[in-house]
Amino acid sequence: MHATTFAPWEDPEAKPLIRFQNVTKRFGTFTAIDNLSLDIYEREFFALLGPSGCGKTTMMRMLGGFENPTEGRIELSGQDISGVPPNKRAVNMMFQSYALFPHLSVWDNIAFGLRRDRMPKIDLENRVAEMLKLTRLEKFAKRKPHQISGGQRQRVALARSLAKAPKLLLLDEPLGALDKKLRQDTQFELMDIQEKTGTTFVIVTHDQEEAMTVASRVAVMDEGRLMQVATPDRIYETPDSVYVADFIGDVNIIEGTATPDGQDTYRIDWAEGQEPIRATSAHPFATGDRCYLAIRPEKVTISADRPEAAINAVKGKVLDIAYLGNISTYHVELPSGTVIKAQTANTRRISRRSFTWEDSVWLSWTVTGGVLLAE
Amino acid sequence: MRRFLLIAIPYAWLLALFLVPFVIVLKISLSDTALAIPPYTPTLDFAGGWAGLKSFFADLDLENFVWLTQDDLYWKAYLSSLTIALISTVLTLMVGYPIAYGMARAPEEWRATLMMLIILPFWTSFLIRVYSWIGILSQEGFLNQFLLWTGLISEPLIILNTKIAVYIGIVYTYLPFMILPIYAALDRLDESLIEAAEDLGCSRLSAFWLVTVPLSKNGIVAGCFLVFIPALGEFVIPSLLGGSGTLMIGKVLWEEFFSNRDWPVASAVAIVLLLILVVPIMLFQRNQQKQAEAEQ
């Protein structure tokens, strides 16, 4: 990896800004967070991703000081912060509902936290002006929250939480209330602001695309546990469990039994009467081990005839075509009844599409195209 | 035509139930007292024709209003009523706000029950509830018996027939009118606003002052008016609990009307009371309107 790439998590010397150490959080008999350990580094844009109820919001609320861990400790810059109330932490939060004070103007909302610190008037005015400029809200300073649009409210909430220059900014589904187009624009704006201010951001989201776009690292969570913590490309390309592979993006999962077949290569017997599949894996499998091959639809090639050089090729019938404009996803049914998805870019006009419903086609992929998973 | 009917109904209602009685009271307040049935002159008699009508209007004068300024009983009663209404409003707010706050913060499944407990006393007659306070507050009452039994006091406290009893009565009676609008305002308050305030450096207490109180302001204002307006003209509570020492305009009015049988002066007292009440009622209306606008 290149030396200037931002990757403090690969440096064993780096001190994390936040450290979760065997943290467990229970609400009554329900375990929201289950013995979880995690390091987050300074200047990171870290995403907690998972379905609702996976514990990601609880993690964030523990960082904000609204909940305390039942067991374990949470450190911020090396100091245990459990028991420290929210108003005594160098952590600010941007709430999902934005939680703007409806009785205060945009200006006063942003100044709210600074006033609590008894900042001198001149400094305070400068800081608020700076925040208004950063979020392009200068024109709306005098308006009340109900007099501005949803996107502007989102920026006020961001400006207000950044005004105190926190060590750590928590963002709880910050873009959830915006429509898709605005959300995409705002994602880049968030990244830009994060870079400009150099603040560590922790974002909670259930939108995997959002997490992939903005984050330097993504933690996929399920039922209070971390399933995988890695950069977006690693999460996508090399998921380490079927759960992660399935949660992030679209995927075909082929279940079978592995047999070692040369250096890091395995033969997978997966269906009666079908040729075995070949795939590489760094993770060792013994003969007869149950395994799952996860392969992304865009890594599956669709063609009318069997490609000569293809190692893995299966024949099937086009069952369905999902036309998304730029790409099309073909659902191909194999004789065994398994449906495999293949994606192609629509480089030609739709009227000249090569395949249509009920066509007999070949699907092929390379030995390294998929990921072989044990669970 | 349908629109006309739609507008006509509320206007007819106001005319019959507000304006007509008001004009009658106003007319009596401008008359002179007399030993007759009804006990005032002149009376409107259409048989007299145009001349009769003219002499009827000639007989009306502002004498009774002038009288109100001459006897200091009246302005003292107005002033005392204003003070009592004001103090009881503040007391009701002080008692009602924490109750409303507690209700709004209570677990969801408790709220209906708590609301029921607030409304329940209304199902008993108001008069009976005020009477029962006599049983509690009198020198041999439950409160004194209890305090004597615990040994906190050795002499029974004199509460009944003092202003304190009036305050207790008013606070008790009008408490729900204070609690309900404040509860409604607090119930709408988003919990995350308090968390946001704490996150930005507020302690629990300053978050309460800077966020909770300003955002329940409309409820507080509505509650205060709902207590202040009826408390100002209150008659039953001061006459049952306040004894002869408590001067309130409602009581004065009643005595003018039934003891002195001086209907014209009693009517003048009522007209002035109404004029005093118009100001807070209008302010109350404006507050309600502002609140409705803010919700849009």
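The values are calculated or read from the model by the stated rules, or taken from the named source; none is laboratory data. The shown structure was predicted, so the numbers you read here are calculated from the model rather than taken from an experiment. All Cβ positions, even for glycine, are placed from backbone atoms using ideal geometry, and neighbour counts span all protein chains on display. These accessible areas exclude ligands, DNA and RNA; they are computed on the full protein's heavy atoms, side chains included. Shrake-Rupley method; radii C 1.70, N 1.55, O 1.52, S 1.80 Å.
About the Cα centre of the protein assembly as shown, how large is the charge dipole given +1 on each Lys and Arg Cβ and -1 on each Asp and Glu Cβ? Please answer in debye to the nearest 20.
The calculation lands at about 1600 debye.
Under a 5 Å amide H to amide H cut-off, with H placed in plane at 1.01 Å, what residues pair with residue A:327 once short-range neighbours are removed?
A:346
From Cα coordinates alone, what are the radius of gyration and Dmax values for region B:119-175 in angstrom?
Rg and Dmax of region B:119-175, Cα atoms, are 12.5, 37 Å.
Enter the angle in degrees (range 0 to 90, nearest 10) between the Cα long axis of helix A:106-116 and the first principal axis of the Cα atoms of chain A, meaning the one along which they spread out most.
Here the helix axis deviates by roughly 70 degrees.
Mind checking the per residue accessible area of region A:98-250 for me, 1.4 Å probe, whole number of Å²? Present the calculation step by step, with values, prior to reporting the outcome.
Values: 6760 Å² over 153 residues.
That works out to 44 Å² for each residue.
If each of residue A:181 and residue A:234 carries a label point 7 Å out from its Cα toward its Cβ, how far apart are those two points in nm?
3.8 nm
At a cut-off of 20 Å², which residues of region A:67-112 become less accessible once all protein chains are present than in their chain alone, using a 1.4 Å probe?
Residues losing area: A:86, A:87, A:92, A:95, A:97, A:99, A:101, A:102, A:103, A:112.
As I understand it, the dipole of the protein assembly as shown uses +1 on the Cβ of Lys and Arg and -1 on the Cβ of Asp and Glu, about the Cα centre. Which of B:92, B:276, A:206 lies farthest toward its positive end?
Towards the positive end, the residue furthest out is B:276.
Largest first, what is the accessible-area ranking of A:103, A:283 with a 1.4 Å probe?
So the residues, ranked largest to smallest area, are A:283, A:103.
Work from the charge dipole of the protein assembly as shown (Cβ charges, +1 for Lys and Arg, -1 for Asp and Glu, about the Cα centre) and give the residue of A:32, B:265, B:292 farthest towards its positive end.
The residue sitting farthest along the positive end of the dipole is B:265.
Using the Kirkwood radius over C-alpha pairs as Rh, can you work out the diffusion coefficient of region A:260-305 via Stokes-Einstein at 10 °C, viscosity 1.306 mPa s, in µm² per second?
The estimated diffusion coefficient comes to 130 µm²/s.
What's the percent breakdown of Cα-Cα distances in chain B across 10 Å bins, shortest bin first?
6, 19, 25, 23, 16, 8, 3, 1, 0
With a cut-off of 8 Å between alpha carbons and a minimum separation of six or more residues, what is the relative contact order of region A:65-188 in percent? If you can, show how the numbers build up before the last one.
Values: 144 pairs, mean separation 41.6, N = 124.
With pairs under 8 Å counted, the relative contact order is 34 percent.
Based on alpha-carbon atoms only, what is the radius of gyration of region A:163-210 relative to the globular estimate 2.2 N^0.38 Å?
Working: Rg = 11.0 Å, N = 48, 2.2 N^0.38 = 9.6 Å.
Cα-based Rg divided by the globular estimate yields 1.15.
Give me the percent of accessible area attributable to carbon and sulfur for chain A, probe 1.4 angstrom.
48 percent
Normalising by the residue count of region A:250-373, find the relative contact order in percent from Cα pairs under 8 Å and 6+ residues apart.
After rounding, I find 30 percent.
So how much accessible area does residue A:285 have, in Å² to the nearest 10, using a 1.4 Å probe?
Accessible area of residue A:285: about 20 Å².
Using Cα atoms only, what is the angle between the long axis of helix B:217-232 and the major principal axis of chain B, expressed in degrees (0 to 90) to the nearest 10?
40 degrees
How much length, in nm to one decimal, is gained on full extension between residue B:208 and residue B:108, taken as 0.36 nm per residue of separation minus their Cα-Cα distance?
That works out to 33.9 nm of additional length.
First obtain the Kirkwood hydrodynamic radius of region A:8-243 from its Cα pairs, then insert it into the Stokes-Einstein equation at 25 °C and 0.890 mPa s, and state the resulting D in µm² per second as a whole number.
On the way: Rh = 18.4 Å.
Estimated diffusion coefficient is 134 µm²/s.
Report the relative contact order of chain B, percent, no decimals, based on alpha-carbon pairs under 8 angstrom and at least 6 residues apart.
26 percent.
Could you order A:272, A:333, A:209 by accessible surface area, starting with the largest, using a probe radius of 1.4 Å?
Listed by decreasing accessible area, they come as A:272, A:209, A:333.
Under a Cβ-Cβ cut-off of 14 Å, what is the net charge of the residues other than residue B:111 that fall near it, where Lys and Arg count +1 and Asp and Glu count -1?
Values: positive: B:105, B:188; negative: B:108, B:109, B:187.
Result for the neighbourhood of residue B:111: -1.
Tally the DSSP beta bridges in the protein assembly as shown and give the antiparallel ones as a percent, rounded to 5.
Details: 61 of 79 bridges.
Around 75 percent of the beta bridges assigned by DSSP in the protein assembly as shown are antiparallel ones.
P(r) for region A:126-226, please, calculated from all Cα pair distances in 10 Å bins and given in %.
Here the calculated profile for region A:126-226 is 13, 47, 31, 7, 1.
Which ³J(HN,Hα) values, rounded to whole Hz and listed in residue order, are derived for region A:315-322 from phi using the Karplus coefficients 6.51, -1.76 and 1.60 in 6.51 cos²θ - 1.76 cosθ + 1.60 with θ = phi - 60°, glycine and proline given as x?
9, x, 10, 5, 9, 7, 10, 9
Report, to the nearest 10°, how far helix B:72-105 tilts away from the longest principal axis of the Cα atoms in chain B, using its own Cα long axis and a range of 0 to 90°.
Roughly 30 degrees between the two axes.
Can you find, among B:253, B:237, B:151, the residue sitting farthest towards the positive end of the charge dipole of region B:144-289, where Lys and Arg contribute +1 and Asp and Glu -1 at Cβ?
With unit charges placed on the Cβ atoms, the residue in question is B:253.
Could you work out how far apart the two model spin labels at residue A:35 and residue B:60 are, taking each label as a point 7 Å from the Cα in the direction of the beta carbon, and quote it in nm?
The answer from the label model is 9.2 nm.
Within region B:269-289, which residues have the backbone N less than 15 Å from the label spot 7 Å out from residue B:67 along Cα→beta-carbon, could you tell me?
It comes to B:269-272, nothing else.
How big is the Kirkwood radius of region A:250-373, worked out from every pair of different alpha carbons and given in Å to one decimal?
Computed over region A:250-373, the radius equals 15.0 Å.
With only alpha-carbon atoms in the gyration tensor, what are the semi-axes of the equivalent ellipsoid for the protein assembly as shown, in Å, largest first? The partial results should precede the final answer.
Numbers: eigenvalues 1179, 193, 121 Å².
They are 77, 31, 25 Å, listed from largest to smallest.
Which whole-Hz couplings ³J(HN,Hα) result when phi for each residue of region B:160-175 is put into the Karplus expression 6.51 cos²θ - 1.76 cosθ + 1.60, θ = phi - 60°, listed in order with x for Gly and Pro?
Values, residue by residue: 4, 6, 10, 5, 4, 4, 5, 4, 4, x, 5, 4, 4, 5, 9, 3 Hz.
Hey, what D do you get for region B:169-289 in µm²/s if you plug the Kirkwood alpha-carbon radius into Stokes-Einstein at 10 °C and 1.306 mPa s?
D, rounded to a whole number, is 93 µm²/s.
With +1 on each Lys and Arg Cβ and -1 on each Asp and Glu Cβ, how big is the dipole of region B:72-295 about its Cα centre, in debye rounded to the nearest 20?
420 debye
Treating the beta-carbon of each Lys and Arg as +1 and of each Asp and Glu as -1, no other charges, what is the dipole magnitude of region A:250-373 about its Cα centre, to the nearest 20 debye?
With Lys and Arg at +1 and Asp and Glu at -1, about 520 debye.
Within region B:23-41, which residues have the backbone N less than 14 Å from the label spot 7 Å out from residue B:261 along Cα→beta-carbon, could you tell me?
Within reach of a label on residue B:261, which here means backbone N under 14 Å from a point 7 Å along Cα→Cβ, region B:23-41 contributes B:33-41.
Checking the a/c ratio against 1.5 first, then a/b against b/c, what shape does the Cα gyration tensor give for region B:64-196?
oblate
Read phi for every residue in region B:193-209 and hand back ³J(HN,Hα) as whole Hz from Karplus 6.51 cos²θ - 1.76 cosθ + 1.60, θ = phi - 60°, with x for Gly and Pro.
3J(HN,Hα) across region B:193-209, in whole Hz: 5, 5, 4, 4, 4, 5, 4, 8, x, 7, 7, 3, 5, 6, 4, 4, 6.
Most fluctuating residue of A:63, A:104, A:175 in a GNM of chain A with Cα springs under 10 Å: which is it?
Highest fluctuation among the options: A:104.
If you rank B:146, A:95 by how much accessible surface each has, with a 1.4 Å probe, what is the order from largest down?
The ranking, largest first, comes out as B:146, A:95.
Full-extension gain between residue A:347 and residue A:75, please, as 0.36 nm times their residue separation minus the C-alpha to C-alpha distance.
92.8 nm
In vacuo Debye scattering of region B:65-132, one point per C-alpha: log10 I(q)/I(0) at q = 0.23, 0.26, 0.28 Å⁻¹?
-1.03, -1.07, -1.10
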